[in-house]
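Got a structure for you, questions after.
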């Protein structure tokens with residue numbers, strides 16, 4: 001199994017880079033495909049509202065996923081299963097409005113595409129027409145082949161999602177996928193199936209690093225890892241995990257780049273103490 005050298009990982013022209021590239025036009029799936037050809041790695045973060053999305057857009061994040069993980073992070077659900085298409089449409093529209101450059105990918109929630117290709121097309125069309133997303137994401141490998149194929153044939157770019165698929169938590173639980181020869185071969189079949197169906201990229205979640213590297217090597221479409229080791233073409237994290245806003249335990253694969261929960265808590269306490277102590281508002285905060 002070959003690995004790209006550090007020189008190969010750097011695009012020859014910085015202006016072509018997905019991350020930190022110049023210009024404000026929307027990134028497209030064509031840009032994603034070119035990044036794979038150049039051996040250029042890129043980051044993806046989730047976003048669920050206009051303000052957060054605008055911060056990530058200004059930071060140069062090229063792709064944002066309006067994930068059904070909003071169910072856990074923002075809507076108070078225990079899993080992603082209860083999230084509705086109406087909720088995803090509203091959240092996706094907010095993220096689109098808050099960005100200028102990033103490719104926005106909207107998640108198709110559980111129950112919005114499992115019935116078959118026609119239902120998938122109806123649901124995806126809502127996200128494209130009403131929310132303005134540039135692509136949609138759905139879970140499943142071979143079982144979602146027909147849904148992906150019809151969406152792509154209808155002009156809707158699709159990001160696939162295999163490995164651990166959270167919408168199937170009631171069937172598979174939260175555990176590593178693709179361990180063992182049989183499971184590894186099935187994951188490879190799933191990856192090739194979504195590629196054959198026309199997906200422009202595929203998320204690999206909670207997959208052994210060696211298997212994710214093999215999938216990345218054999219596919220010509222980009223792989224996006226989350227808990228899948230360092231050799232995928234891109235990496236994605238849930239932003240509330242990445243910035244330390246999530247309470248309690250987070251998955252092993254998460255790296256915290258800040259502790260927003262503490263920052264926000266300290267600020268809220270300081271505000272409360274000022275109000276109780278009569279030191280806010282002061283004269284400079286008042287109008288006459």
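Please specify each residue of the range 152-193 satisfying the condition of being surrounded by 19 or more Cβ atoms within 10 Å (Cβ to Cβ), free of Cβ contacts under 8 Å to residues at least 40 places away in the same chain and under 20 Å from the mean Cα position of the chain (by Cα).
156, 177
Right, residue 139: surrounded by fewer than 17 Cβ atoms within 10 Å (Cβ to Cβ) and either more than 19 Å from residue 224 (Cβ to Cβ) or touching a helix residue (DSSP H, G or I) at 6+ places or on another chain (Cβ under 9 Å) (or both) or not?
Values: surrounded by fewer than 17 Cβ atoms within 10 Å (Cβ to Cβ): no; either more than 19 Å from residue 224 (Cβ to Cβ) or touching a helix residue (DSSP H, G or I) at 6+ places or on another chain (Cβ under 9 Å) (or both): yes.
Spelling it out, it is not the case that residue 139 is surrounded by fewer than 17 Cβ atoms within 10 Å (Cβ to Cβ) and either more than 19 Å from residue 224 (Cβ to Cβ) or touching a helix residue (DSSP H, G or I) at 6+ places or on another chain (Cβ under 9 Å) (or both).
Continuing with the same structure: If I ask for residues that are within 18 Å of residue 48 (Cα to Cα) and in contact with a strand residue (DSSP E or B) (Cβ under 9 Å, 6 or more places away or on another chain), which ones from the range 127-158 would you list?
127, 128, 131, 132, 133, 134, 135, 136, 137, 138
Please count how many residues of the range 23-71 are modelled with pLDDT under 95 and buried (at least 19 other Cβ atoms within 10 Å of the Cβ).
0
Could you list, in sequence order, all residues of the range 194-204 that are part of a strand (DSSP E or B) and either surrounded by fewer than 24 Cβ atoms within 10 Å (Cβ to Cβ) or touching a helix residue (DSSP H, G or I) at 6+ places or on another chain (Cβ under 9 Å) (or both)?
201, 202, 204
A further question on this structure: So which strands (runs of 3 or more DSSP E) are wholly in the range 55-142 and hold at least 3 residues that are more than 18 Å from residue 240 (Cα to Cα)?
Correct list: 135-139.
With the structure loaded, tell me whether residue 280 is touching a helix residue (DSSP H, G or I) at 6+ places or on another chain (Cβ under 7 Å) and more than 30 Å from residue 29 (Cβ to Cβ) or whether it fails that test.
Judged against the criteria, residue 280 is a match.
Based on what the data block shows, is residue 178 under 25 Å from residue 41 (Cβ atoms), touching a strand residue (DSSP E or B) at 6+ places or on another chain (Cβ under 9 Å) and at pLDDT below 95?
yes
So, in the range 238-268, exactly how many residues are in a loop (DSSP other than H, G, I, E, B), surrounded by 18 or more Cβ atoms within 10 Å (Cβ to Cβ) and in contact with a strand residue (DSSP E or B) (Cβ under 7 Å, 6 or more places away or on another chain)?
Selection size over the range 238-268: 1.
Another one. Criterion first (within 17 Å of the chain's Cα centre (by Cα) and buried (at least 18 other Cβ atoms within 10 Å of the Cβ)) does residue 215 satisfy it?
Working: within 17 Å of the chain's Cα centre (by Cα): no; buried (at least 18 other Cβ atoms within 10 Å of the Cβ): yes.
No.
Separate question: What number of residues within the range 37-54 are within 22 Å of residue 72 (Cα to Cα) and not in a strand (DSSP E or B)?
Residues flagged as within 22 Å of residue 72 (Cα to Cα) and not in a strand (DSSP E or B) within the range 37-54 amount to 8.
Let me ask something additional. List the number of the failed condition for residue 207; all other conditions in (1) assigned to a loop (DSSP other than H, G, I, E, B); (2) at pLDDT 95 or above; (3) out of contact with any helix residue (DSSP H, G or I) (no Cβ under 7 Å at 6 or more places or on another chain) hold.
Exception for residue 207: condition (3).
Let me ask you something else. If you go through the range 22-36 one residue at a time, how many are more than 9 Å from residue 103 (Cα to Cα) and part of a helix (DSSP H, G or I)? Even if it seems obvious, please write down each step before you answer.
Step one: list which residues in the range 22-36 are more than 9 Å from residue 103 (Cα to Cα), which gives 22-25, 30-36.
Okay, now just the ones that are also part of a helix (DSSP H, G or I), so 30-36.
Number satisfying all stated conditions: 7.
Spot the failing condition for residue 280; the list is (1) outside any loop (DSSP other than H, G, I, E, B); (2) surrounded by 13 or more Cβ atoms within 10 Å (Cβ to Cβ); (3) not assigned by TED's automatic domain parsing to the domain that holds residue 161, and only one is missed.
Every listed condition holds for residue 280 apart from (1).
Among the residues of the range 73-94, how many are closer than 21 Å to residue 248 by Cα and in contact (Cβ under 8 Å) with a residue 24 or more places away in the chain?
The qualifying residues number 5.
The values are calculated or read from the model by the stated rules, or taken from the named source; none is laboratory data. Source: prediction; values computed, not measured. Using ideal geometry, Cβ is built from the backbone for each residue, glycine included, and neighbour counts are taken over all protein chains shown.
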